[in-house]
Amino acid sequence: ATCEELVELGDQQERLIAALLALASSQRGIGQLECLDLADITRDALLARRGEAERHGIHLRAALAAAPVTGDPSLAESLVANLLDNAIRHNLPGGQVEISTALTTAGAVVSVSNTGTLVPPDAVQELFQPFRQLGTERTRHGQGHGLGLAIVRAIADAHGAALTARARPGGGLGIEVVFP
């Protein structure tokens, strides 16, 4: 039991270090620009998280249309991964996560929404600050560190992307990132 506890503690520390490195990298700015498609990145991220979502009874729904953008592929992958991880982690049993990509006149868009506990509208922007969480009742599937949405904001800022987030009336969040 002690060994299992130590392994879990090591895993948590590894996730924290990876999150801090992602935050620092995204705040440093864009490393290399490449043409990429947010739909491809999102498809890969969904496949990687399907098992976790199933284990927690979370239903994933995707509508992925081509969303070409010029950006840093590693940072774009981190943005999508953190959006999905947040939507799965802060959800209700039997809840849903919806993710979509599209190309609009404003640019390439990735949108994620989830069911979850009620989020006060005036608390939404605070969730994008490092180490901020609404409360332990939001964290259902393991403890997060309050860095996921801060990483999303830093990556969006580095790309000049517009980030909007809103509390959903029935609970959970809706987040949209529009890359120019």
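The values are calculated or read from the model by the stated rules, or taken from the named source; none is laboratory data. Quick caveat, the model's predicted, so the values are computed rather than measured. All Cβ positions, even for glycine, are placed from backbone atoms using ideal geometry, and neighbour counts span all protein chains on display. For the accessible areas, the whole protein counts, side chains as well, though only heavy atoms, and no ligand, DNA or RNA atoms are used. Shrake-Rupley method; radii C 1.70, N 1.55, O 1.52, S 1.80 Å.
Structure notes:
- Any hit, segment 54-72, residues being under 15 Å from residue 161 (Cβ atoms), over 12 Å from the mean Cα position of the chain (by Cα) and assigned to a helix (DSSP H, G or I): no
- Residues of segment 88-121 that are over 13 Å from residue 168 (Cα atoms), open to solvent by 60 Å² or more (accessible area, probe 1.4 Å) and aliphatic (A, V, I, L, M): 92, 103, 106.
- Residue within segment 138-147 that is open to solvent by less than 10 Å² (accessible area, probe 1.4 Å), within 27 Å of residue 70 (Cα to Cα) and modelled with pLDDT of 80 or more present: no
- Look at segment 53-77: where a residue is at negative phi and a partner is small (Gly, Ala, Ser) and open to solvent by 20 Å² or more (accessible area, probe 1.4 Å), sitting 6+ places away or on another chain with Cβ atoms under 6 Å, you get 63/100; 65/102; 67/102; 72/31.
- Residues of segment 70-87 that are of a type in the set (Val, Ile, Thr) and either closer than 16 Å to residue 45 by Cα or buried (at least 17 other Cβ atoms within 10 Å of the Cβ) (or both): 80 alone.
- Scope segment 110-136; condition over 14 Å from the mean Cα position of the chain (by Cα), outside any loop (DSSP other than H, G, I, E, B) and not acidic (Asp, Glu); matching residues: 121, 123, 125
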